[in-house]
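The values are calculated or read from the model by the stated rules, or taken from the named source; none is laboratory data. For clarity, every value in this text was computed on a predicted model and none was experimentally measured. With ideal geometry, Cβ positions are generated from the backbone for all residues, glycine too; neighbour counts draw on all protein chains shown. SASA here: full protein model, heavy atoms, side chains in, ligands and nucleic acids out. Shrake-Rupley method; radii C 1.70, N 1.55, O 1.52, S 1.80 Å.
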Amino acid sequence: MATQAIGEFIGTFVLLLLGNGVCAAVNLNKSKAQGADWVVIALGWGLAVTMGAYVGGMMGPAHLNPAVTIAFAVIGLTKWAAVVPYIIAQMLGAILGAAVVWLAYRPHWEATEDPDTILGVFATEPAIRSLGNNFVTEAVGTAILVLGLAAFGHGSMADGLNPLVAGSLIVSIGLSLGGPTGYAINPARDMGPRIAHAILPIANKGGNDWGYSWVPFFGPIVGGIIGALIFAVLPI
């Protein structure tokens with residue numbers, strides 16, 4: 001289990017390094033990619049998941065997401081004894097990945113004066129703040145994520161193809177359902193970088209918006225369980 005937890009740590013680190021990295025590239029002032037659109041962000045996150053899954057998958061299941069870990073445990077695809085170690089590893093990997101993005105873009109934080117833009121590089125924030133509706137959006141997106149991942153695991157697939165298909169699912173969710181909330185669909189993806197934002201000495205940063213943070217944390221957990229239960233009752 002220790003090796004698998006290390007895989008979750010490293011895989012989630014890569015996921016957040018590349019995922020938060022595309023957000024930094026698109027949004028921070030004087031970045032060569034500044035102003036690239038939502039399609040670039042969705043593709044960046046999809047590829048981040050793919051790369052994270054390839055790296056983490058060498059040592060474990062490459063969930064990279066507490067909502068996936070919990071949902072798979074609910075329907076017996078993951079042992080409950082692995083849930084806490086996996087989640088701890090995922091959170092630590094997410095914090096470290098976000099911290100390295102800060103280092104990689106260090107001169108650009110001083111060039112970016114808007115604290116909301118800076119927070120948006122690390123954590124999600126809704127386009128229209130409506131916590132109940134935002135929660136539903138996160139739950140729906142994560143239900144589709146878990147249903148898709150479970151379906152991929154059920155069918156036969158060529159060796160090495162699963163992470164690429166999972167990445168395409170992330171792109172699809174981002175393009176179709178990401179507009180309202182920025183589609184965290186992963187508690188570690190939002191909470192880990194939000195913690196990094198809180199503790200790092202980032203130039204021009206503002207608050208951490210803890211009042212919203214519970215939405216991208218618990219919404220994906222609820223949605224993931226729903227998606228897993230839907231898969232479990234399918235006549236397959």
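General observations
- Residue among 203, 127, 196 that alone is in contact with a Phe, Trp or Tyr (Cβ under 7 Å, 6 or more places away or on another chain) and surrounded by fewer than 18 Cβ atoms within 10 Å (Cβ to Cβ): 203
- Screening the candidates 96, 77, 92 for the property of being within 29 Å of residue 5 (Cα to Cα), touching a residue at least 12 places away in the same chain (Cβ under 8 Å), assigned to a loop (DSSP other than H, G, I, E, B) and open to solvent by 70 Å² or more (accessible area, probe 1.4 Å) yields one hit, 77.
For (1) over 15 Å from the mean Cα position of the chain (by Cα); (2) over 27 Å from residue 103 (Cα atoms); (3) not in a loop (DSSP other than H, G, I, E, B), each residue gets a yes or a no:
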residue	(1), (2), (3)
197	yes, no, yes
201	yes, no, no
215	no, yes, yes
228	yes, yes, yes
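- Filter result for residue 12 (of a type in the set (S, T, N, Q), surrounded by 21 or more Cβ atoms within 10 Å (Cβ to Cβ) and in contact (Cβ under 8 Å) with a residue 24 or more places away in the chain): yes
- Evaluation of residue 52 against the conditions (1) open to solvent by 60 Å² or more (accessible area, probe 1.4 Å); (2) over 25 Å from residue 116 (Cα atoms); (3) within 12 Å of the chain's Cα centre (by Cα) shows that the sole unmet condition is (1).
- Check on residue 187, open to solvent by less than 60 Å² (accessible area, probe 1.4 Å) and more than 18 Å from residue 68 (Cα to Cα): no
- Residues that are assigned to a loop (DSSP other than H, G, I, E, B), at pLDDT 95 or above and closer than 20 Å to residue 54 by Cβ were ranked within the stretch 151-187; the one that is nearest to the chain's Cα centre (by Cα) is 186.
- One residue stands out among those in the stretch 102-128 that are of a type in the set (S, T, N, Q) and outside any helix (DSSP H, G or I): the one that is nearest to the chain's Cα centre (by Cα), which is 124.
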